[in-house]
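Beneath this line is the structure, given in structure tokens, with notes to follow.
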Amino acid sequence: AGLLLSQSALAAELPRLASRDGHHALLVDGKPFLILGAQAHNSSNYPGALKPVWAAANDLKANTVLMPVAWEQVEPVEGTFDFSFVDTLVNEARQQKKHLVILWFGTWKNTSAQYTPAWVKLDPQRFPFNVDADGKANYSLSPFGAETLKADKRAFVALMTHLKKIDGDKHTVLMVQVENEVGTYGLVRDFGPAAQAAFEQPVPATVLARKKPVAKASGSWREVYGDYADEYFHAWAIARYINEIATAGRAVYNLPMYVNNALRDPLEQPPKPWNKNFASGGPTWDVIDIYKAAAPAIDIASPDIYAPESEQVNANLRLFGRSDNPLWVPEIGTKPAYGRYLWAMLGRGAIGVSPFGIDYFDYSNHPLGSTETDKRIVEPFEPVYRMFAPMQRLWAQWAFEGRTQGVAEADDRKPQQLDFPGWTAKMTYRLGRFGESSWGGEFAKPAAGTEEPRGGAALAQIGPDEFVIIGQRVRVRMEPAEGTRGMLLRAEQGRFDDQGRWVMERVWNGDQVDYGLNLPAEPVMLKVRMGRPK
Ligand code: N0T
């Protein structure tokens, strides 16, 4: 009876994030869950648009759909709410056996006011825009608009109240994104009277405790942060605004909440003061600490990945995956080059990933994403989802325990390695079946199908000498870390079923292991046991 009771207690628990020793998990019904996401296009949030959304998500083998819910859509007339789309969405998601992440397109969508209701757009006296130093109005709403905040918050609370009512016991909806890619392009901060007065106030102690001063230890924003003051202040102002909305929403229905970011260049180190080169005030990696200080109701600052270079992607994964910030990638472009990064993300213990624009709508966001709008857009990602989908709970549990790592083939195609306690995994790319043989001729040529960098692997150390290796277009060799001898004892190809049981298909030996473990273009999963001769 005790077991039954605790099982149903777990099932009743709301989705929540958990962190332990720098590792993270999204707990759904009490157990780690890996989001294999599919984000719909911006204009797919209407009942009549949903059919191809499910078709694309199913082709991708996604377990979760990320879908906008827009302020203009739920409150077209002030104070009158219409959640009929949300009802349809949640019902259809259940029929399709999909979870949902809801994206709240409110005050800011890609920094602009485009998703606010007309009654907001048309009343700038009541809902003020940012203004520049000359008092000229900018396109982006001010985080000092007290009425804007009040109105957005009321709509968001109505949404969360509705979600609680229709989903509080079912947990179809896992998380909520509050606003979308906030910040301001072309203007560093609001210079309106309320903003200016706040700018001259002392930097709050909560911010000082998190974000190291660059000049004076305390004082006004300018005194403390010098040339960075305007951007940091804008980040603080927006984070505080979002925090108030998220706090009110969580008070009625406490789901995990996150913000997403249109990135600044992660390779600009140290980051220079803002120079019109990204949206000022957004949760860029250099101000995550300010968001943590000003927006404790937001669990995660997450990167939207639209720069395909491997150095860029790796830097972003490092900068956003922190012990106080779970790695979660709510958007990644659909170009084929991006597919391989899922191995790195899931290996690094991300709580989930989601390519953007997965719904076969006749619109392509090329050059950010693929030129295609049909089934070809899911092809770079489906092979990865295919491997993780049946075992997603198990993988999420291993990630939470810190057992997993992953890599994507770099643009320079060079070998890589991953260090585990006692063992090192060495990854090489482009090699033929017979490896680094000196036989020359055909043997020396790169393997067919490796013209572009498309390889990657995710590994989990499931015992001291035992690994699960999943990947494609990569050769993996396990070596003992400290110079002792290591032997491959057994490499089983197989899969985990949805109960987490290993199902062996065959044992790899001979040609299949003599030159390293060659993972082909179609991904495979291996369970590998290593040993050390006495
Ligand atoms: C994204 C998407 C959608 C290296 C663009 C990306 C989505 C939003 N914005 O299709 O609008 O709602 O979050 C901005 C990318 C900045 C350019 C990066 C160049």
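Size of the dipole of the chain about the Cα centre, Lys and Arg at +1 and Asp and Glu at -1 on the beta carbon, nothing else charged, in debye to 20?
Charge dipole of the chain: 1320 debye, to the nearest 20.
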Could you go through region 353-368 in sequence order and give the Karplus-derived ³J(HN,Hα) for each residue, using 6.51 cos²θ - 1.76 cosθ + 1.60 with θ = phi - 60°, rounded to whole Hz, and x for Gly and Pro? 9, 7, x, 9, x, 9, 7, 6, 5, 7, 8, 10, 8, 4, x, 5
Multiply the residue separation of residue 81 and residue 205 by 0.36 nm, subtract the distance between their alpha-carbon atoms, and state the gained length in nm to one decimal. 40.8 nm
Counting Lys +1, Arg +1, Asp -1, Glu -1, what net charge surrounds residue 396 among other residues with beta carbon under 12 Å of its beta carbon? +2
The relative contact order of the chain, taking Cα pairs under 8 Å that sit 6 or more residues apart, comes to a percentage of 14 percent
So how far apart, in nm, are the two label points at residue 452 and residue 165 if each is 7 Å from Cα heading toward Cβ? 4.8 nm
What accessible area per residue comes out for the chain, rounded to a whole number of Å², with a 1.4 Å probe? 41 Å²
When the chain is reduced to its Cα atoms, the Kirkwood hydrodynamic radius in Å: 24.5 Å
Sum of -39500 (n - 2.57) over DSSP H runs of 4+, divided by residues of the chain (222 nm, nearest 500): -8000 deg cm²/dmol
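Leaving ligands, DNA and RNA out of it, report the carbon-plus-sulfur percent of the accessible area of region 416-531 at a 1.4 Å probe.
48 percent
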If contacts are Cα pairs under 8 angstrom and at least 6 residues apart, what is the relative contact order of region 416-531 in percent? 30 percent
Of all GluC sites (Glu not before Pro) in region 462-534, which ones are in loop regions per DSSP and have a Cβ with at most 15 other Cβ atoms within 10 Å? 482
State the Cα centre-to-centre distance between region 465-534 and region 269-292 in whole Å. 42 Å
Quick one: angle between helix 229-252 and the longest Cα principal axis of the chain, in degrees between 0 and 90, rounded to 10, please. 90 degrees
From the phi angles alone, apply the Karplus equation (6.51, -1.76, 1.60; θ = phi - 60°) to region 329-343 and give each ³J(HN,Hα) in whole Hz, x where the residue is Gly or Pro. 10, x, 9, 9, x, 9, 4, x, 4, 7, x, 5, 5, 4, 4
Against the longest principal axis of the chain, how steep is helix 2-12, in degrees 0 to 90 to the nearest 10, with axes from Cα atoms? 50 degrees
Just to confirm the number: angle between the C-alpha axis of helix 310-320 and the first principal axis of the chain, 0 to 90 degrees, nearest 10? 60 degrees
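The values are calculated or read from the model by the stated rules, or taken from the named source; none is laboratory data. Predicted model only: the values in this text are computed from it and were never measured. Note: ideal-geometry Cβ built from the backbone for every residue, glycine included; neighbour counts use all protein chains shown. We work out accessible area using only protein heavy atoms, side chains counted, and drop any ligands, DNA or RNA first. Shrake-Rupley method; radii C 1.70, N 1.55, O 1.52, S 1.80 Å.
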